[in-house]
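First comes the structure, then the notes that go with it.
The values are calculated or read from the model by the stated rules, or taken from the named source; none is laboratory data. Everything numeric in this text was worked out from a predicted model, so none of it was measured. Heads up, the Cβs are rebuilt from the backbone with ideal geometry, glycines too, and the neighbour counts pull from every protein chain shown. Accessible surface is based on the protein model in full, side chains and every heavy atom, while ligands, DNA and RNA are left aside. Shrake-Rupley method; radii C 1.70, N 1.55, O 1.52, S 1.80 Å.
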Amino acid sequence: MGDMTTNLTSGREILRRLMRALRPAEPDLLTLAEALLSDRGESSGVALAEQLLALYAQMSTEKRLSFLSSLAGRFGADRARLERAIDRFRAEPSPVHGIELHAAAEPRRQELIRRLNLAPGATERLVHMREDLLGGLVTHPELATVDADFLHLFSSWFNRGFLVLRRIDWHTPARVLEQIIRYEAVHEITSWDDLRRRIDPEDRRCFAFFHPTLEGEPLIFVEVALSEGIPAAIGPLLAERRQVAPARRADTAVFYSISNCQAGLRGVALGNFLIKQVVEELRRELPSLKTFVTLSPVPGFMRWLRRERESKQSPLTTADRTELVALDRDDWHQQPAAAKSLKPVLSAAIARYFLEARDSGGRPFDPVARFHLNNGARLERINWLGDVSPKGLEQGAGFMVNYLYDLDRIEHNHEAFANEGKVIASRAVQRMLRPAAAK
């Protein structure tokens, strides 16, 4: 500890001398960034990184985005070095020249981010810096190149080898439990009692990934219900007064909520590792578990359906459109006649939504579907009125979905989706397509 304090103090003195040389102007972020990249002393590097991050934290959102935009323009690859490396590789495409070309092509931003990570607590601050960046992408499209560098580095810093899986229970520190409440993104946790019902009974589990540099900060967590059979609705799982079942009798593990806690880690593959490791943990603890499924929302369905209703090219018939008018009433699901008439129309529409609808990039329209299908799951069952909460009705017309994680087929399913864009679905789901729409 003494050596670290001495080095940091020495580094600050070096920094002060460097800043005096850079005056008359007070140091700004870009000046500090250039100095950090040019100075190779370990102690001064730590102090420079600390100074830059501290100054960044004091700035307004507008000035932060201005700095990040400057990184896009001024801290790319060294063009002259890159051109020399290209010429050498063309003249002699040897492994040595290939390595040199790879190094020359790397933007200076990446080394800057690495050196910023030298400062105490820097990893968390860099995650928040990327959160700022993501918030400004729409108005500052040039930030996409900087974001690519952050994502490249974060994918290494937060890979599975560095992540720690922990079970969250009622004995977990209150600071972590507060974050579980705050970051729950699928089914709101309304109180401490509600949280306890989700993590304390013997037929409930909650697991989270942590990273050594973000102590006490969960990165992502999953809530699990242990049950007999595959559930079709979320209400009974979250009911305030429900019968707790003995865990030893459960044959099914239901992943009913997965929530990311760090917006700055968006795009870093955390969820797929989390589900697969939790499956292994549960199998070791409870060998009676044979089935692993989700009970998932359908967040994009109503948005897609509204577009279909407005489109003249949609295969919706005149009769379909007439029936769908009932959806415009908030209480349609409580009207037996309306619900009965809507069920076949909506069921056919949601089957087309999952099996045929694609976004502008050619991917399945639904973000939750993309996640689980890419993770190797199978679209097993679509459940009518599985979530009649206001959010469930507004986003998914009350539908919920079971994605099945068949451990013997995960890799095959993933390859089919990743390489061919194929949606692996059960026959029951495929039969929901109308014959005219079926392929």
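Within the shell of other residues whose beta carbon sits under 14 angstrom from the beta carbon of Trp192, the net charge comes to -3, with Lys and Arg scored +1 and Asp and Glu -1. In this structure region 32-183 gives 52 Å² per residue of accessible area when probed at 1.4 Å with all protein chains present. Taking every full run of DSSP H in the chain, the ones that stretch at least 27 Å from end to end by Cα along their long axis and average 0.0 or higher on the Kyte-Doolittle scale are 336-355.
Taking a quarter of the surface of the Cα convex hull of the chain gives a mean projected area of 28.0 nm².
Largest to smallest in accessible area, the residues His102, His372 fall in the order His102, His372 (1.4 Å probe, all protein chains included). In this structure, the amide hydrogen of Glu184, modeled 1.01 Å from its nitrogen in the peptide plane, lies closer than 5 angstrom to no residue at least 5 positions away or on a different chain.
Amide H contacts of Ser257 (H built 1.01 Å from N, in plane; Pro and chain starts excluded): Glu223 sit under 5 Å, all sequence-distant by 5 or more or on other chains.
Gain on full extension, evaluated as 0.36 nm per residue between Gln243 and Phe162 minus their Cα-Cα distance, stands at 25.3 nm. Using the 1.4 Å probe convention, the accessible area of region 258-393 works out to 47 Å² per residue with neighbouring protein chains retained.
Taking the 1.4 Å solvent-accessible surface of the chain as the whole, the part contributed by carbon and sulfur is 52%. For the chain, the mean residue ellipticity at 222 nm estimated from helices alone is -16000 deg cm²/dmol, where every DSSP H run of n ≥ 4 contributes -39500 (n - 2.57) and the total is divided by all residues, rounded to the nearest 500. Remark: region 119-189 carries a charge dipole of roughly 360 debye about the Cα centre, counting +1 on each Lys and Arg Cβ and -1 on each Asp and Glu Cβ. Note that region 201-242 presents 35 Å² accessible area per residue, ligands and nucleic acids not counted, probe 1.4 Å.
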